[in-house]
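Throughout, read-outs are computed from the coordinates displayed, never taken from laboratory work. No experiment lies behind these values; they were computed from the predicted model shown. Quick reminder, even Gly has a Cβ in these numbers, built from the backbone with ideal geometry, and neighbours come from all protein chains shown.
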Amino acid sequence: SNIQDWIAEARIEIEMVRLLTLKAAYMMDTVGNKKAATEIAAIKVAAPNTALKIVDRAIQVFGGMGVTDDVPLATFYAHLRTLRLADGPDEVHKRAIARRELRPYVKAQAETVPGVSDDVLSARF
């Protein structure tokens, strides 16, 4: 059934976020926060979005009752939606992740093209 699929998907998604969190914590302990910045930013996007998706599915299962005061789902949803903005919107974290991912390739490309200035290497894109 669709609800069983959602339960299975929720379990998988929670485990993925949990493992990302453990990886970031391990990196923070072993190589420092700066080198774990990509994983930390990923958690700030993945954890609230995953929780929000799961709560949204629960609201869907409950139907109209899911948004009443009879169950806490609407409150959970509001709190989780706010959490997505607490340390900056998702777009800020995604942009930081993308910059960190692209930086080595931009630097390598700039180094192979004669006459590329240091301004290109430090560009924020």
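So, in nm, how far is label M16 from label R103 when the simple model puts each one 7 Å beyond its Cα toward the Cβ?
For M16 paired with R103, the spin-label model returns 2.5 nm.
Could you compute the FRET efficiency for L85 and T112, with r as their C-beta to C-beta distance and R0 at 30 Å, rounded to 0.05?
Working: r = 41 Å, r/R0 = 1.35.
Computed FRET efficiency for L85 and T112: 0.15.
Order of M28, M16 from fewest to most other C-beta atoms within 10 Å?
Working: M28 16, M16 12.
Neighbour counts put them in this order, fewest first: M16, M28.
List the lysines whose Cα sits under 19 Å from the Cα of K53, skipping any in the same chain fewer than 8 residues away.
Those lysines meeting the cut-off are K44, K94.
On a full-extension model of 0.36 nm per residue, what is the gain between N2 and N33, subtracting their alpha-carbon distance, rounded to one decimal in nm? Please report the intermediate quantities before stating the final value.
Working: separation 31, 0.36 × 31 = 11.16 nm, distance 4.03 nm.
My answer for the length gained is 7.1 nm.
Report the charge-dipole magnitude of the stretch 2-121 in Debye, nearest 20, computed about the Cα centre from +1 at each Lys and Arg Cβ and -1 at each Asp and Glu Cβ.
Values: 16 positive and 16 negative charges, 61 e Å.
Rounded to the nearest 20 debye, it is 300 debye.
Which of the listed residues, F76, L22, L102, is farthest toward the dipole's positive end in the stretch 2-121, when Lys, Arg count +1 and Asp, Glu count -1 at the beta-carbon?
Comparing the listed Cα positions along the dipole, L102 ranks first.
Is the chain rounded, prolate or oblate when judged by the Cα gyration tensor, a ≥ b ≥ c being the square roots of its eigenvalues, rounded requiring a/c under 1.5 and prolate requiring a/b larger than b/c?
The shape class here is prolate.
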